[in-house]
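For reference, the structure is listed below as structure tokens.
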Amino acid sequence: MEDRHVSLPEFNQLFGLLDDVDRAYFAVFDGHGGVDAANYAATHLHVNVALHKEILKNPTEALKDSFQQTDEMFLFKAKREKLRSGTTGVTALIVGNRLHVAWAGDSQVMLVQQGKAVTLMEPHKPEREDERMRIEALGGCVTYVDCWRVNGTLAVSRAIGDLYQKPYISAHADVNSFELTGSEDYVLLACDGFFDAIRPHDVVDLVLDHLMQNKGDGLKAAERLVAAAKENGSSDNITVLVVFLRDPREILAACLRDSKSLNADAEDSPFNFFSSETDNRSKSVTTKS
């Protein structure tokens, strides 16, 4: 398997978009059956998004169509070169004050807002009832071997590539869009090797613990999360990408203020959850593969 991540905060400059709307693109691709599909998606999908006719007016449509377009492009290459690989993918495109996400497969994106995990999507897995029904309607089957598999072969139900498993393995992406209010802490994108070992609400605790230990420095938060997934027994590829939407030092300071307020309301409590002080200065974006 092969994991690839892509972060393109200078999206406008790269593609010559001159409408004064800030854009940033992030993605994680989790390959199987070789590296070719993951490498191809990481190289081409964002280009297809940027060149899509609806990129300015309808970014979610641009994302959705670009998954399908990238799949068609890679399948042409796969037929010519006899490639069998595929890749799941999850993308996040920030346009001004909106977050647009698209995904095909079981890689995921989550949002943390004021210390709370916010669900943005439901990953595609063969055992999901609607996925199983879709596959069986096409004449395929979903069975349990050592895990749920499509036609006894792949443990994913949607992906770019997988030439010999079409149409059962679909590249049709789901999309969603959310307004950003400025109260969001960070966005996290990761493959199933991470989310199979770490629950979303545990992400919040792990990142906060990292910020407390490092006085609000978020630089290696993704590395801490990767290590936690390994400690929890994940033996799969693990890719984690953390995009801080506000200064990590501000996130820590807000948490400490909240904890002090709670302690003031219950000063006789024997529990003391936080006891760190920090100074707040910089902002960072962290990626790790």
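The values are calculated or read from the model by the stated rules, or taken from the named source; none is laboratory data. Bear in mind that the values here come from a model prediction, so they are computed numbers and not experimental data. Using ideal geometry, Cβ is built from the backbone for each residue, glycine included, and neighbour counts are taken over all protein chains shown.
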Check your understanding: Can you find even one residue in region 200-207 that is at pLDDT 95 or above, of a type outside the set (Ser, Thr, Tyr), buried (at least 19 other Cβ atoms within 10 Å of the Cβ) and closer than 28 Å to Ala37 by Cβ?
Key -> yes
Study note, to complete from the structure: Within region 154-188, the residues that are surrounded by 16 or more Cβ atoms within 10 Å (Cβ to Cβ), hydroxyl-bearing (Ser, Thr, Tyr) and assigned to a loop (DSSP other than H, G, I, E, B) are Ser157, Tyr168
Point to revise | Answer residue from region 1-51, given it is out of contact with any Cys (no Cβ under 8 Å at 6 or more places or on another chain) and acidic (Asp, Glu) and is farthest from Ser66 (Cα to Cα) among those | key: Asp20
Review point. Would you say Asp196 is modelled with pLDDT of 95 or more, under 29 Å from Phe76 (Cα atoms) and either of a type in the set (D, E, K, R) or out of contact with any Ser or Thr (no Cβ under 7 Å at 6 or more places or on another chain) (or both)?
Key: no
Study note, to complete from the structure: Log entry, pairs with first residue in region 124-136 being under 19 Å from Lys166 (Cβ atoms), second being assigned to a helix (DSSP H, G or I) and acidic (Asp, Glu), beta carbons closer than 6 Å, six or more apart or on different chains, reads His124/Glu131
Exercise for review: Collect the residues in region 226-257 that are within 16 Å of the chain's Cα centre (by Cα) and either part of a helix (DSSP H, G or I) or among the aliphatic types (A, V, I, L, M) (or both), keeping them in residue-number order.
Suggested key: Val226, Ala229, Ile238, Val240, Leu241, Val242, Val243, Leu245
Check your understanding: How many residues are crowded, with 20+ Cβ neighbours inside 10 Å and either of a type in the set (Asp, Glu) or out of contact with any Leu (no Cβ under 6 Å at 6 or more places or on another chain) (or both) if we restrict to region 27-45?
Key -> 13
Study note, to complete from the structure: Every listed condition ((1) out of contact with any Asp or Glu (no Cβ under 7 Å at 6 or more places or on another chain); (2) part of a strand (DSSP E or B)) holds for Thr70 save (2)
Point to revise | Within region 72-131, considering residues that are buried (at least 21 other Cβ atoms within 10 Å of the Cβ) and of a type in the set (Ser, Thr, Tyr), the one farthest from Lys57 (Cα to Cα) | key: Ser85
